[in-house]
Amino acid sequence: MIRALATILLQAGVLGYAFQAEGPVQVVRKPARPASAVTERASPMLRVDSSMVLIPVRVTTAAGSTVNGLRKEDFALFEDGVPQNITYFAEDDAPVSVGVLLDISGSMKDKMRKSAQAAAALFRYANPEDEFCLIEFNWQAKLTVPFTRDWSLVARAIGRAKASGYTALLDAIHLGLKQMKRAANSRKALIVMSDGGDNFSRRNLRQLKAALIEADVQLYSLGVYDSDFAAKRTKEERQGPALLSNVTADSGGCDFPLVRMEQLPEVSVQIARDLRNEYVLGYAPPALISDGKYHRIGLKLAAPEGDGNWRTYYRQGYYAPVE
């Protein structure tokens, strides 16, 4: 979402040597040219003669400012505790396929205008190669606008939305993951616009976490809350912020609580930066076995002296393919 923001990065970081959250991992099998050392500003789909694992990583200061200008030598990668040689390194800015998940349940009745304004602010940073789809959900989730590069179609649909009924948030995210299989771009993200309360989903949180681990999709949320949120009466609404924070962390995305309208520009820019600007690290394990098993990724970052409060966000593992 932001060709104009390609020069601004806003990612997450570590304290000295440390690692934290997550971002999607791909295992790419491509014949052709051998993998050479470092390539900057190149496509993340590097052609190699062996399997390669690609890991987008976001790096920020503790205050949320983007850390750019890092080198391959500033990162250390591990798979199942074994150090890996980083053979591919780039600062990536690629087109994004975005699914907007709009809560239209009864609890959002007084927040629809705020949701529409949040979406409009987000779309302002789209570029012509980005594509969007819209999923609306109350007691059930439905695809309202299929993938399109015309974001105005999504914006108009959000503006017409009417709130009523129960909330099937987890089912909506499952439907979003299903739609992402039709995405045209390799970079994929879901953005949930909701107060987070779920009281009607058929699927549970454990099932969703399993689906997120397997999916190559980052999940973000704009938590649309009232200023008097603490006075909410229903248990589901009180648990909403914690639920949104929980599910986004598992995907390498982030949760952005939104209470005041003045936050809109800043939050929209932050999500746009997160989606479009990341470091991409690649490595080829000595023997990547197609066993279908989960392999854990570890990342350490060497922060320069005086900058020991950086954070990193990346997906902490992947499932190997099955032959």
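The values are calculated or read from the model by the stated rules, or taken from the named source; none is laboratory data. A quick note: this is a predicted structure, and the numbers were derived from the prediction, not measured. Cβ placement follows ideal geometry from the backbone for every residue including glycine, while neighbour counts extend to all protein chains displayed.
Odds and ends about this structure:
- Just one of the listed residues (S152, S97) is over 19 Å from the mean Cα position of the chain (by Cα) and among the small types (G, A, S), namely S152.
- Wholly enclosed strands (runs of 3 or more DSSP E) of segment 76-157 bearing at least 2 residues crowded, with 22+ Cβ neighbours inside 10 Å and assigned by TED's automatic domain parsing to the domain that holds R202: 96-103, 131-137
- If you go through segment 158-176 and keep only what is assigned to a helix (DSSP H, G or I) and touching a residue at least 24 places away in the same chain (Cβ under 8 Å), you end up with I158, G159, L169, L170, D171, A172, I173, H174, L175, G176.
- Flag if A184 is outside the structural domain of V57 (by TED's automatic domain parsing), at pLDDT 90 or above and either within 23 Å of K142 (Cα to Cα) or surrounded by fewer than 18 Cβ atoms within 10 Å (Cβ to Cβ) (or both): yes
Okay, residues lined up against (1) surrounded by 24 or more Cβ atoms within 10 Å (Cβ to Cβ); (2) within 25 Å of P95 (Cβ to Cβ); (3) of a type in the set (A, V, I, L, M):
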{"position": "D198", "(1), (2), (3)": "yes, no, no"}
{"position": "R206", "(1), (2), (3)": "no, no, no"}
{"position": "Y220", "(1), (2), (3)": "yes, yes, no"}
{"position": "A242", "(1), (2), (3)": "no, no, yes"}
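- Contact annotation: residue pairs with Cβ atoms under 6 Å, 6 or more positions apart or on different chains, pairing a residue in segment 206-219 that is in the same structural domain as L190 (by TED's automatic domain parsing) with a partner that is basic (K, R), are V217/K188.
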